[in-house]
Amino acid sequence: MATRRLAPPEVQPKEFAFTAENLAWAKTQIAKYPDGRQASAVIPLLWKAQEQAGGWLPQKAIEHVAGMLGMADIRVLEVATFYTMFNLEPVGKFNVQVCGTTPCVLRGADEIKKICKRRIGDEHHVSADGKLSWVEVECLGACVNAPMVQVNYDFFEDLTPENFEKVLDELQAGRMPKPGTQIDRQFSAPVGGPTTLTDPSIYKKKNGQDAEPVGAALTDDKAKRPGEAANVRDAGTPQAPVADKTAPRGR
């Protein structure tokens, strides 16, 4: 993997500070950790800073997060440069991350990269209209539907040169195309639909009559969309301790 460095000084903003809304959010994240452990909030705060900065992490944003957490700047820089989910230079409105791991390459990822280079330019280059940029990344976890790309928060799977060109056409027009598989497939099910347990006679209604086929329970437009963050949840309800039945009982 290439060395990850900060963007050159000429593109760096002179200052960065969280908005009032993001500052309040950041404080709730820090409060989740006990005194002396505030540094544990570094990744969510960097993620929020990247989101606020338009999809990348300026140096001043890294320093701002370090100051909030009482960390040395270099410690936060180590985190930002280690995790590739943090972009260290400006990206387009739609940042295309092309999976270049073996399953995707075997299924045609090299062709997807060629299209990106032809239509957008070199990796990390932002198109003249500011809408597109691209980068090759490691496995994004959709190997069954390879090749695939991630655009901002959405996955686009089962790509071919033809349907990927259409995805880029929509992005270039400023529209987010339908995410998920780009062929006749439900999630990661077999192409063409279910192949087992398709006989409706094996399903019974409560009254004993045969059930009518109801079709797919979900479709791709109802899934793989960003929901509430995993760290935004109600705290679990404390449970009473269970007595140890093997301990000797008092008299």
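Amide H neighbours of PHE94 under 5 Å, counting only residues 5+ apart in sequence or on other chains, H built in-plane at 1.01 Å?
It is LEU132, SER133, by chain and number.
If a/c stays under 1.5 just call it rounded; otherwise compare a/b with b/c (prolate if a/b is bigger, oblate if not). Do that for the stretch 9-82, with a ≥ b ≥ c from the square roots of the Cα gyration tensor eigenvalues.
Oblate is the answer for the stretch 9-82, as a/c is 1.5 or above yet b/c matches or exceeds a/b.
Residue by residue through the stretch 148-157, what is 3J(HN,Hα) from phi via Karplus (6.51 cos²θ - 1.76 cosθ + 1.60, θ = phi - 60°)? Round to whole Hz and write x for glycine and proline.
Coupling constants for the stretch 148-157: 8, 9, 10, 10, 6, 9, 10, 9, 10, 10 Hz.
Name the long-range amide H neighbours of GLY121: under 5 Å, sequence gap of 5 or more, or other chain; modelled H, no Pro or chain starts.
It is none; the list stays empty.
Relative contact order of the stretch 9-82, please, whole-number percent, based on alpha carbon pairs below 8 angstrom and at least 6 residues apart.
That works out to 32 percent.
Under the rule of at least 5 residues apart or a separate chain, name every residue whose amide H is placed under 5 Å from the amide H of GLU136.
When sequence neighbours closer than 5 places are left aside, the close amide H contacts are VAL98.
Do me a favour and compute the ellipsoid semi-axes for the stretch 104-179 from its Cα gyration tensor, root of five times each eigenvalue, largest one first, whole Å.
19, 14, 11
Just so you know, all these numbers are worked out from the coordinates, no wet-lab data involved. Note that the structure is a prediction, hence the values are computed from the model and not measured.
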